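This report refers to the structure that appears directly beneath it.
What follows draws every value from the coordinates through simple rules; no lab data is involved. Keep in mind that what you see is a predicted model, and the values were worked out from it rather than measured. Cβ: placed from backbone, ideal geometry, glycine included. Neighbour counts: every protein chain shown.
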Amino acid sequence: MKIIFLGPPAVGKGTHAGKVAKGFGIPRISTGEMFREEAKAGTELGKKLNEYMEEGVLVPDEMVIEILRSRLGRDDCREGFILDGFPRTIEQAGALRNITATDLVVNMKASHETIIARISNRLTCRKCQAIYNTLFVKPKIEGVCDKCGGELYQREDQKPDIVKERLEVYERETAPLIDFYRDKGTLIDVSAEGDVEVVHKRITDAINEYIKGM
Ligand code: AMP
C-alpha cells in the first residue's frame with residue numbers, strides 16, 4: 001500500500017501514520033523528521049532546512065522533491081510506504097505522481113480548537129523524535145521519553161507565533177490538495193477528534209473499507 005496522510009500541523013498525522021505503517025510492515029516517511037535529522041547532523045543542507053523550519057515556512061519544492069525522490073528509491077519502499085507531511089503543495093503532488101502512483105489519501109480533520117490544544121502542549125524527543133502531549137499523551141516521567149529515555153523539548157516551530165504561521169501556510173499551500181485528491185477519487189476523510197485509539201480504529205476501518213472496494 002502507498003498511502004498519503006494529509007492534515008494540518010499537530011492533527012496527529014505522525015502518530016497515526018506510524019501506527020498504520022507498523023500494521024502494514026512498511027516504512028513511514030516523514031519529510032519533517034528527515035529534515036530535523038539533517039539539521040541535527042549540522043550539515044550545510046541541515047542548517048538551511050532548519051532556517052525554513054524555524055520560521056514555519058515551507059522548504060522550497062525543488063529541495064523537498066529531490067530528497068523525497070531519493071528516499072522513495074530505497075529498497076524498503078518497494079512493498080509500499082506511508083507519507084507523512086508530503087506532498088504539501090500542488091507542485092509536490094504533481095512531482096510525486098511522476099515518481100510513483102499512490103493508492104489512497106487519508107485526510108485527517110479536527111477543529112481549530114483541537115489543533116491549537118494539541119500543538120501548544122506538544123513535546124518532542126530530542127533523540128528519537130517521538131511525540132508527546134502534556135495534556136493527552138503524557139510521558140511516564142516528566143520531560144523524559146518513554147521509548148528511549150531522551151530529553152523532551154518544545155520545538156521552535158511549536159511556539160505560538162510560528163504555529164499561527166504554519167496554520168496559515170497549511171491553509172494556503174496544502175489544503176488545496178484535499179480537492180486535488182478528492183477529484184481523483186482517492187481521498188477518505190477521517191475525524192481526528194478523540195483519543196489516539198479511537199482515531200486509530202476509525203482510520204484502520206476506513207482504510208480496510210477502501211481496500212475492499214479496490
Ligand atoms: P512536520 O514535522 O511535518 O510538521 O514538518 C516540519 C517542517 O518541515 C515544516 O513546517 C516545513 O518547514 C518543513 N517541511 C516538512 N515537509 C515539507 C514539505 N513536504 N514541503 C515543504 N516543507 C516541508
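Taking every DSSP beta bridge that has both ends in the chain, the antiparallel portion is near 30%.
Using Cα positions and a limit of under 26 Å, work out the lysines in reach of Lys19, with same-chain residues fewer than 8 apart set aside. Partners within reach: Lys2, Lys40, Lys109, Lys127, Lys138, Lys140, Lys147, Lys184, Lys201, Lys212. Based on Cα contacts under 8 Å between residues 6+ apart, the chain shows a relative contact order of 29 percent.
FRET efficiency for Lys201 and Ile178, Cβ-Cβ distance as r, R0 = 25 Å, nearest 0.05? So, using R0 = 25 Å, E works out to roughly 0.65. For the pair Glu62 and Glu113, the difference between a 0.36 nm per residue extended length and the Cα-Cα distance amounts to 15.0 nm. A simple spin-label model places pseudo-atoms 7 Å from Cα toward Cβ; at Phe24 and Lys212 they are separated by 1.9 nm. Think of each Lys and Arg Cβ as +1 and each Asp and Glu Cβ as -1; about the Cα centre, that makes the dipole of the range 150-214 roughly 240 debye. Only Cα pairs under 8 Å and 6+ residues apart enter the sum, and on that basis the relative contact order of the range 1-122 stands at 50 percent. Once C-alpha pairs closer than 8 Å and six or more residues apart are averaged by separation and normalised to the residue number of the range 99-211, the relative contact order reads 33 percent. Think of each Lys and Arg Cβ as +1 and each Asp and Glu Cβ as -1; about the Cα centre, that makes the dipole of the chain roughly 620 debye. Taking the charge dipole of the range 102-214 about its Cα centre, with +1 at Lys and Arg Cβ atoms and -1 at Asp and Glu Cβ atoms, the residue from Thr186, Cys125, Ile115 reaching farthest to the positive side is Cys125. Only helices enter this figure: runs of n ≥ 4 DSSP H residues, each worth -39500 (n - 2.57), summed and divided by the residues of the chain, yield -14500 deg cm²/dmol at 222 nm to the nearest 500.
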